[in-house]
Each structure stands twice: as structure tokens, then as C-alpha cells.
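Peer 1: The structure follows.
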């Protein structure tokens with residue numbers, strides 16, 4: 001299966017395939033592919049269908065039809081998962097299963113003799129490659145097994161997101177401090193689609209100067225919480241200097257340090273609970289805590305998963321003991337909050 005970059009290179013060299021399947025949740029790469037393909041066709045030659053609203057057979061009928069306006073067309077099909085057979089046992093579901101089986105057969109027939117000049121791209125972005133979603137994604141993959149061109153859109157790792165963010169900044173033509181780039185990636189949980197949007201805004205704001213940590217904190221939503229999360233990452237790397245720099249940034253921003261410590265405590269407690277439950281992806285974490293009645297949105301689950309992946313269970317338990325000690329220090333008579341937090345960092349990474 002080609003990676004997104006390989007697929008785009010192949011399209012540039014040989015043109016788009018007759019039928020392709022984009023599989024997975026990564027929105028940034030999906031948008032890049034869509035923009036690259038759409039640029040090959042005039043606007044009137046690009047059609048969009050939603051399989052939550054029309055059948056796969058109707059999409060294929062459109063692909064077979066001749067256009068009065070363009071000999072070459074792009075048909076973009078979203079919600080590819082909606083074409084799958086239902087799994088429950090009602091009569092309506094049985095009827096749906098028959099229709100879906102017919103759709104799969106029709107797709108197989110179309111692939112044997114696709115319409116020249118027409119590119120059909122199916123987008124199946126609902127499920128991830130790990131955890132509870134993996135079985136559902138395998139069903140999607142099996143249903144569309146006849147499509148030879150499948151592009152897996154996997155989420156960026158934090159390191160890959162950092163590299164892509166740096167490349168986006170370079171292409172946007174402005175400069176950003178390394179610490180500010182770290183904060184941008186951390187605060188947006190390595191979601192490159194969101195990072196790309198924020199970089200577009202920062203490019204307009206920069207005005208020829210370098211973007212710093214203060215700019216990110218002021219302009220990027222959730223960056224203040226992200227700064228605390230960046231502290232978690234620095235502690236995980238045992239990067240004492242970086243952790244102290246982030247603490248200094250929090251103090252300069254006027255962050256209430258007992259609240260920051262409370263966030264750290266929640267982060268480590270949630271990560272420990274996730275590790276003890278054997279959760280191995282952000283999707284599993286989100287599903288697990290949601291079932292328990294604990295609010296858990298996607299970016300928050302990503303943060304917890306990153307903490308789980310960086311800290312072993314004994315390290316998480318030790319971190320909670322050190323946090324408890326720091327909390328006692330902050331509650332003492334006339335404490336210097338910054339000194340207490342500095343001692344906390346030194347003890348945890350020492």
C-alpha cells in the first residue's frame with residue numbers, strides 16, 4: 001500500500017488511478033490528496049457523493065454516465081463506511097445486507113471495466129488502525145478489497161508532526177523559535193490538520209519577525225494548557241532544562257501554579273489508570289473513560305496516550321508521589337510557589 005506521499009508522486013507521474021480508497025482518520029494527508037487531485041480537473045468536472053445519502057450503485061451509475069461538460073472527471077465519495085452491510089438481525093437489516101452485497105458485486109464489476117478518464121476516490125475516515133476500531137476498519141478494508149489502490153492515512157507520530165510543522169513553517173516563509181514550535185505541536189496534540197491551520201494564521205501575524213512562545217500562548221487556542229502538557233513531555237524526556245524553561249513561561253504568563261500542578265496530577269492519574277487497564281491507543285482511552293462517565297475528547301485522549309507511552313507504571317506511581325509532596329509544599333504557610341515547583345521538577349527528573 002502506498003504512503004500518502006508515494007501516492008501523490010505516482011499521481012503526478014502517471015495520473016490518478018481509476019478507483020482509489022483513502023483509509024484512516026488523518027485529515028491533513030486526506031486534504032492534501034484531495035487538493036492535488038481536484039487541481040487536475042476543472043471545477044465542473046468534480047462531483048461529490050455521500051454514501052450516507054446515496055447508494056454505492058448510484059455512485060457507480062454516475063461514474064458510468066457520460067458528461068456533456070468534461071471528458072475527464074473526478075468523483076469524490078465520502079462516508080465509505082456507510083456502504084457496509086449492517087450487523088444487526090432485523091428484517092430491515094437483512095434487506096440492507098442484500099443491498100450492500102449487491103453494491104460490492106457492482107463495484108467488482110466496475111473495477112473490471114472502469115470508465116476511461118473518470119477517477120473515483122472513496123474516503124473511509126471514521127475508524128482508526130488500532131484498538132476497538134481495528135476490527136471495524138478491517139471490515140471496511142474487506143468490503144473494498146477489490147480496489148487495488150488503497151492509501152492508509154495513519155495519524156502522525158509526535159516526531160513526524162514536529163517535522164511536518166517545521167516544513168509548513170518554512171513553506172509559509174516565516175521563522176519560529178524551537179520552543180514555540182514545540183509548544184504549537186504539543187498544545188494541538190500533534191494534530192497536523194489543526195497545526196497547518198494555525199501556521200496559516202501565524203504566517204499572517206508574523207510580519208517578518210520570529211514567532212516566540214508568547215505569541216503561541218496568546219494566539220493558539222488551548223496553548224496555555226498545552227504549555228502544561230509540554231511540561232509533561234519534558235519530564236518524560238527527563239529534560240530538566242526544558243522543564244524549567246516551561247515553568248518559567250508559565251510564571252511569566254501568570255499561570256496559577258497550584259492549578260498547573262492539579263493538571264499534572266490529573267494527567268498522571270489518568271495515564272496510570274489507562275496503563276493499568278491495558279489501553280493501547282488514544283481511541284481505546286477515549287472509549288474506556290467515556291464509558292466510565294469521565295469526559296474525554298479526542299485531543300485529551302491523545303495527550304493521555306502520549307503520557308502512557310512515555311512513562312512506565314513505576315514512573316507514573318513515583319510521579320504521583322512527588323506531585324503529592326509538591327502539593328503539600330504549596331499548601332504550607334507562605335510558600336514560594338515557583339520554588340516548590342522547581343523542587344518538584346528537580347526531584348522528578350533528578
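The values are calculated or read from the model by the stated rules, or taken from the named source; none is laboratory data. Predicted model, so just to flag it, every value in this text is computed and none were measured. All Cβ positions, even for glycine, are placed from backbone atoms using ideal geometry, and neighbour counts span all protein chains on display.
Peer 1: Name the single residue, out of those in segment 249-259 being assigned to a helix (DSSP H, G or I) and loosely packed, with under 13 Cβ neighbours inside 10 Å, that is modelled with the lowest pLDDT.
Peer 2: My answer is 252.
Peer 1: Grab the helices (runs of 4 or more DSSP H) fully contained in segment 131-240, keeping just those with 3 or more residues being closer than 30 Å to residue 18 by Cα and out of contact with any strand residue (DSSP E or B) (no Cβ under 7 Å at 6 or more places or on another chain). Give the derivation first.
Peer 2: On the way: elements: 133-143, 158-172, 178-187, 192-206, 213-219, 223-236.
Those helices (runs of 4 or more DSSP H) span 133-143, 192-206.
Peer 1: I'd like to know if segment 208-221 contains one or more residues that are modelled with pLDDT under 80, within 21 Å of residue 283 (Cα to Cα) and buried (at least 17 other Cβ atoms within 10 Å of the Cβ).
Peer 2: No: zero hits.
Peer 1: I need the full set of residues from segment 40-52 which are exposed (fewer than 15 other Cβ atoms within 10 Å of the Cβ) and either assigned to a helix (DSSP H, G or I) or at pLDDT 95 or above (or both), in order please. Break it down stepwise before answering.
Peer 2: In the first step, residues of segment 40-52 are kept if they are exposed (fewer than 15 other Cβ atoms within 10 Å of the Cβ); the result is 42-44, 48, 50, 52.
Once the filter is applied, which keeps residues that are exposed (fewer than 15 other Cβ atoms within 10 Å of the Cβ) and either assigned to a helix (DSSP H, G or I) or at pLDDT 95 or above (or both), segment 40-52 yields 43, 44, 48, 50.
Peer 1: Further, regarding this structure: Picking from 66, 60, 37, 21, which residue would you name as being buried (at least 16 other Cβ atoms within 10 Å of the Cβ) and either outside the structural domain of residue 79 (by TED's automatic domain parsing) or outside any helix (DSSP H, G or I) (or both)? First the steps, then the outcome.
Peer 2: Working: 66 fails: buried (at least 16 other Cβ atoms within 10 Å of the Cβ); 60 fails: either outside the structural domain of residue 79 (by TED's automatic domain parsing) or outside any helix (DSSP H, G or I) (or both); 37 fails: either outside the structural domain of residue 79 (by TED's automatic domain parsing) or outside any helix (DSSP H, G or I) (or both).
Just a single option satisfies the conditions, and that option is 21.
Peer 1: Quick check on my filter: what residues within segment 316-350 are at pLDDT below 90 and either within 28 Å of residue 158 (Cα to Cα) or not assigned by TED's automatic domain parsing to the domain that holds residue 273 (or both)?
Peer 2: Selection gives 348, 349, 350.
Peer 1: If you don't mind, another one. Kindly check whether there is at least one residue in segment 169-177 that is within 21 Å of the chain's Cα centre (by Cα), at pLDDT 80 or above and under 25 Å from residue 286 (Cα atoms).
Peer 2: Taking every residue of segment 169-177 in turn, none turns out to be within 21 Å of the chain's Cα centre (by Cα), at pLDDT 80 or above and under 25 Å from residue 286 (Cα atoms).
Peer 1: Also, I was wondering about something else. So which of 333, 271, 277, 312 is surrounded by 19 or more Cβ atoms within 10 Å (Cβ to Cβ) and either over 28 Å from the mean Cα position of the chain (by Cα) or at negative phi (or both)?
Peer 2: Numbers: 333 fails: surrounded by 19 or more Cβ atoms within 10 Å (Cβ to Cβ); 277 fails: surrounded by 19 or more Cβ atoms within 10 Å (Cβ to Cβ); 312 fails: surrounded by 19 or more Cβ atoms within 10 Å (Cβ to Cβ).
Every option except 271 fails the conditions.
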